[in-house]
Amino acid sequence: MIILMSASHRSSESTIGELTEKILNSRRISRQDQSQLMRLLCGSYLGEREQDLVDKIYQGLHRGSIKVVE
């Protein structure tokens, strides 16, 4: 059971990492990206790397360097 939880944890981390990297590289976040990110973050453990990436998205939105697109 611990192995399964561990693999699931790594899977959600890589998915969060992939999505945040996509958003940061494109400097755009769609409503779909936002919904997917919220689903992934809800109830997930975030490592330091993932916390930093999510914080960079927040900062980018706040500064206007990341645009919200439809």
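The values are calculated or read from the model by the stated rules, or taken from the named source; none is laboratory data. These numbers were taken from a predicted model, which means no experiment stands behind them. Every residue, glycine as well, gets a Cβ built from its backbone with ideal geometry; the counts of neighbours run over all protein chains shown. Heavy atoms of the whole protein, side chains included, go into the accessibility calculation; ligands, DNA and RNA do not. Shrake-Rupley method; radii C 1.70, N 1.55, O 1.52, S 1.80 Å.
Which of the residues spanning segment 48-70 are in a helix (DSSP H, G or I) and over 11 Å from the mean Cα position of the chain (by Cα)?
Let us first name the residues in segment 48-70 that are in a helix (DSSP H, G or I), namely 48-63.
Scanning segment 48-70 gives Glu48, Gln59, Gly60, Leu61, His62, Arg63.
Please go through segment 26-44 and give me each residue that is over 15 Å from Thr15 (Cα atoms), of a type outside the set (Gly, Ala, Ser) and open to solvent by 40 Å² or more (accessible area, probe 1.4 Å), ordered by number.
Taking segment 26-44 first, the residues over 15 Å from Thr15 (Cα atoms) are 26-31.
Within this subset, residues satisfying the condition of being of a type outside the set (Gly, Ala, Ser) are 27-29, 31.
Scanning segment 26-44 gives Arg27, Arg28, Arg31.
Any idea how many residues of segment 17-47 are assigned to a helix (DSSP H, G or I) and at pLDDT below 90? Working first, answer last.
Within segment 17-47, the first condition is being assigned to a helix (DSSP H, G or I), and the residues that meet it are 17-26, 31-41.
Cutting the leftovers down to at pLDDT below 90 gives us 17, 40-41.
Residues that pass the stated criteria total 3.
Which of the residues belonging to segment 45-57 are of a type outside the set (Asp, Glu) and either touching a residue at least 40 places away in the same chain (Cβ under 8 Å) or surrounded by 11 or more Cβ atoms within 10 Å (Cβ to Cβ) (or both)? Outline the logic, then answer.
Let us first name the residues in segment 45-57 that are of a type outside the set (Asp, Glu), namely 45-47, 49, 51, 53-54, 56-57.
Leu46, Gly47, Arg49, Gln51, Leu53, Val54, Lys56, Ile57, listed by residue number.
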